[in-house]
Amino acid sequence: MNTILKNLTSKPLLLIVVLAFFLRVINLETFPFGFHADEARVGWNALSIAKTGKDDRGNALAVHYNTFGDYRPTGIFYLTLPSIIIFGRNEFAVRFPSALLGALTVLPLFFFVLEITKKKNLALLSALLLAISPWHIATSRATSEVVIALFLVLFGLFFLLKGFREKSNKLFFASLVFLVLSYFLYHSARILVPLFVGALIIYFWQEIKSIDLTKKALATFLFLLILTALFASNKEARSRFSQVSILNDLDVSYELSRMPFEEGPNRVFVARLFHNKPSVYARRFINEYANYFSANFLVGNVAKPLRYTTPGIGMLTYFEAFLFLLGLVSIAQKRHSILPLFLLLIAPVPAALTMEDSPNLHRALFMLPFIAIIAAYGFYQLKQVERFKKEIIFATSLGLALNFIFFLHMYFVHAKVHIPLYRNIGAKELALELNKLQKDYDKIILTNIPDDPYPWIAFFTGRDPEVFNKDAITREKGTWTSENFVFTGLRCPSRDAFEKPDVKRLLVVDAEGCASESNLRGREDVVILTQIKRPDQSEVYTLWSKTE
């Protein structure tokens with residue numbers, strides 16, 4: 001423990017933490033541009049819990065929250081609660097917890113690498129590469145549960161390994177606390193944690209066995225495996241997996257429905273050998289798994305969801321990818337520990353079991369720390385060059401810096417135009433506009449395309465959760481009301497709303513594209529009051545007004 005405290009105060013590590021924090025917090029209230037629906041729900045539910053002790057569905061101490069049948073873990077609601085209390089109702093408050101813990105993730109990565117390699121410079125380099133990783137920076141700034149789960153898992157793995165070597169029950173307990181907490185942040189952690197722990201036990205088995213910790217190691221693994229099984233047996237916990245699983249994919253279902261069943265004993269045997277559920281699922285899993293190690297995913301532009309991406313930037317910059325490949329060479333030459341590669345190969349397993357938004361950079365984020373370690377190996381490999389070593393190291397460092405500057409330019413300049421399409425730009429603006437207009441209308445009918453606007457209205461306009469959430473129970477029925485708002489499942493509610501108006505002062509909000517398709521333009525009693533637009537001037541919402 002003294003070693004940990006000593007390293008925490010070392011200037012190079014502190015500088016890396018400060019750099020990571022700066023990159024994740026600077027202009028956080030503005031970038032990423034657009035306040036996504038997932039973020040708005042986190043903010044409103046954190047506020048609801050702070051004010052009422054319950055989420056906006058009226059559930060107290062709920063482990064999951066049902067948005068659209070996904071039942072996301074609620075840990076991020078509780079972590080956001082103090083931030084909301086301190087910073088208020090704004091984007092910065094909602095994004096700050098994942099940005100902060102994303103920055104602090106360099107600490108467990110540093111200690112983990114130091115523990116497995118005993119090389120401080122290598123540990124510092126790994127932490128630095130994570131600190132400046134575009135993949136990690138962009139995700140940390142976007143209210144991401146997986147960033148927080150990664151922080152917890154890395155600390156849990158470090159404490160577990162440290163506990164083995166020091167025979168410390170306190171470190172074992174700390175490890176279990178961190179690892180178990182990750183189960184309440186992100187679904188994938190529930191699969192990966194026992195796999196990671198199992199991998200560590202296998203890799204260090206001889207060492208564990210020699211210091212007579214076999215029973216404790218196996219007991220830890222068994223406990224986590226049972227915990228995973230308990231979550232898997234819960235209908236809510238497995239709902240999201242059911243939605244995105246390759247087992248329920250339409251293409252897989254179609255392939256299974258088309259399996260040939262030829263007549264004749266030999267043909268039946270061949271058909272069953274190659275055309276059966278296990279073989280179809282295995283092929284799909286292998287294809288998905290391979291995607292996460294493809295150039296298209298790592299340095300190309302196929303990663304999803306697009307709201308986490310940066311135009312012109314892959315998951316890795318070109319020089320990060322170069323160092324990663326060089327690191328693989330160093331592992332092959334047995335110059336460095338193979339453990340990071342072992343863990344890297346495990347990391348995309350949950351992502352490969354899913355199909356929606358695939359290949360998915362969010363579900364695959366657990367790959368990143370091990371990529372950073374192997375890339376650090378690659379940088380060390382450059383020191384083995386006999387000729388022009390200084391020049392090569394300088395050129396590589398310069399390339400990393402230029403790649404990083406290019407990322408910053410694309411993220412803070414170009415993403416403002418390209419990404420808002422996927423980040424609910426206009427929803428906050430609509431909420432503020434409606435707050436000004438609400439008193440002028442008897443009834444306001446709202447579209448819920450692309451997302452139900454209630455969390456933005458609730459969060460940004462000072463609504464009292466105790467009052468506003470009472471109406472939220474009816475949301476699952478489609479159309480629901482709150483105050484003088486009517487929330488509908490229609491894309492263009494104006495098409496019917498003005499035919500037989502039941503109120504004199506009516507305001508209707510349509511989704512994108514409805515204005516150009518509307519037949520209301522010829523009516524003198526109905527006018528376009530205003531339109532909410534993106535930075536590129538494309539419309540997001542159209543507000544139609546009728547007063548008598």
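Of the residues examined, THR481 is one that is assigned to a strand (DSSP E or B) and modelled with pLDDT under 95. Taking the stretch 496-527 as the range and being loosely packed, with under 15 Cβ neighbours inside 10 Å and assigned to a strand (DSSP E or B) as the test, only VAL527 passes. Selection within the stretch 402-447: residues that are of a type in the set (A, V, I, L, M), open to solvent by 20 Å² or more (accessible area, probe 1.4 Å) and under 26 Å from the mean Cα position of the chain (by Cα). The member of this set that is nearest to ILE532 (Cα to Cα) is LEU421.
Somewhere in the stretch 44-62, is a residue closer than 22 Å to ASP452 by Cβ, touching a residue at least 60 places away in the same chain (Cβ under 8 Å), crowded, with 16+ Cβ neighbours inside 10 Å and among the hydrophobic types (A, V, I, L, M, F, W, C)? Within the stretch 44-62, one or more residues are closer than 22 Å to ASP452 by Cβ, touching a residue at least 60 places away in the same chain (Cβ under 8 Å), crowded, with 16+ Cβ neighbours inside 10 Å and among the hydrophobic types (A, V, I, L, M, F, W, C).
Counting only helices (runs of 4 or more DSSP H) that fall entirely inside the stretch 348-433 and contain at least 1 residues that are under 30 Å from PRO194 (Cα atoms), the qualifying elements are 349-352, 368-382.
Kindly evaluate MET259 against the criterion of being modelled with pLDDT under 90 and not in a helix (DSSP H, G or I). In short, yes.
For residues that are open to solvent by less than 60 Å² (accessible area, probe 1.4 Å) and of a type outside the set (Ser, Thr, Tyr), scanning just the stretch 220-231, find the one that is nearest to VAL193 (Cα to Cα).
Applying the first criterion (open to solvent by less than 60 Å² (accessible area, probe 1.4 Å)) to the stretch 220-231 yields 220, 224, 227-229, 231.
This time we only want the ones that are of a type outside the set (Ser, Thr, Tyr), so: 224, 227, 229, 231.
Numbers: LEU224: 7, LEU227: 10, ALA229: 12, PHE231: 13 Å.
Step by step, filter the stretch 220-231, then rank; the result is LEU224.
Scanning the stretch 355-380 for residues that are over 19 Å from GLU320 (Cα atoms) and crowded, with 24+ Cβ neighbours inside 10 Å returns PRO359, ASN360, ARG363. For the stretch 298-337, a residue qualifies if it is free of Cβ contacts under 8 Å to residues at least 12 places away in the same chain and either in contact with a helix residue (DSSP H, G or I) (Cβ under 9 Å, 6 or more places away or on another chain) or not basic (Lys, Arg) (or both), and the qualifying residues are ALA332, GLN333. Scan the stretch 152-166 and tell me whether some residue there is open to solvent by 40 Å² or more (accessible area, probe 1.4 Å) and over 21 Å from ILE76 (Cβ atoms). Yes: one or more hits. Residue count for the stretch 382-399 under the criterion of being at pLDDT below 90, open to solvent by less than 100 Å² (accessible area, probe 1.4 Å) and closer than 17 Å to VAL329 by Cα: the result is 2.
Among the residues of the stretch 64-84, those identified as modelled with pLDDT under 95 and in a loop (DSSP other than H, G, I, E, B) are ASN66, THR67, PHE68, GLY69, ASP70, TYR71.
The values are calculated or read from the model by the stated rules, or taken from the named source; none is laboratory data. Everything numeric in this text was worked out from a predicted model, so none of it was measured. Positions of Cβ are backbone-derived with ideal geometry, glycine not excepted, and every protein chain shown enters the neighbour counts. To get the accessible areas, we keep the full protein, side chains included, count just its heavy atoms, and leave off ligands, DNA and RNA. Shrake-Rupley method; radii C 1.70, N 1.55, O 1.52, S 1.80 Å.
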